[in-house]
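Following: one structure in structure tokens, then a few remarks.
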Amino acid sequence: MTELDIEATSFFLGQRLKYAKSFDDKKTNKTSLWSKIAKELNDNGYTVGEGKEGAEKCRQKFANLQRQYISHRDHMKRTGENTKDPPAFFDEMHGILGAKHKVDPEYVLDSSNISAPSSEVESQESIEANNEDTQIENVSSPESVESLPKSGNVTPTSIRNRFSAVKKTCKPVTDNAVSLTKLLDDQFKADLAQREQHFQRLDELLSVQNNQRDRMLKQFDEIITLIKDKKNKDPQEEA
């Protein structure tokens, strides 16, 4: 990697860090953000192309760096931190991705609800909608609901006979049922306490990430200042 490549990548990651909050916002169009970063690179002498072409090159560049970062993180977790040198720009990528859920899924708030990778999990809204549809089908299913008499044949006697035919299934509460209830209650309290610890840990991680982001922005400003000073000096030296 040449010195120019290093400068360009440092500048690129600085811009990515600058727009980090916008990238975290699911409602923001990511292509427009990559286009802004591509324009900044072009304006500062690092040609990547205009419009969608430049945006796609920036997206692919970051995806490659992210893949290297995640691969090294996984390697460190399996074998230890000192068994392999980190890839280039690991610290910069850690400042951007360090506390993200998909990068460091160790602090999952409730792992019992995870049955597939995040890309395959339905949104909460879809799950709720499916649950509502299932409930409606169960209520209206002809197998689960006995056919009612036509409106002209409904009488108080027929209604009483219908309910009198229902089998009584109430059973006295046993000691085992009481023990199971207590066990479930204790488990619920333990899960609640664990979730509170996870939330506290998540707050700490977010605080660390914000501090890292502030430091990276400060370093980015220093890099930009050095680059501009260097560009201003070069024409004077040639003269």
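Laboratory data are not the source of any read-out in this text; all were calculated from the coordinates shown. Note that the structure is predicted; figures quoted are calculated from it, not measured. FYI the Cβ positions are ideal-geometry reconstructions off the backbone, even for glycines, and counts take in every protein chain you see.
For segment 1-86, GluC sites (Glu not before Pro) are listed when DSSP marks them as loop and at most 11 other Cβ atoms sit within 10 Å of their Cβ; the list is 81.
In units of the rule-of-thumb radius 2.2 N^0.38 Å, segment 3-98 shows an alpha carbon radius of gyration of 1.15. Here the 3J(HN,Hα) profile of segment 202-213, calculated from phi with Karplus coefficients 6.51, -1.76 and 1.60 at θ = phi - 60°, is 5, 4, 5, 5, 5, 5, 4, 4, 5, 5, 5, 5 Hz, Gly and Pro shown as x. Translational diffusion coefficient of segment 176-238 (Stokes-Einstein, Kirkwood radius from Cα pairs, 4 °C, 1.567 mPa s): 78 µm²/s.
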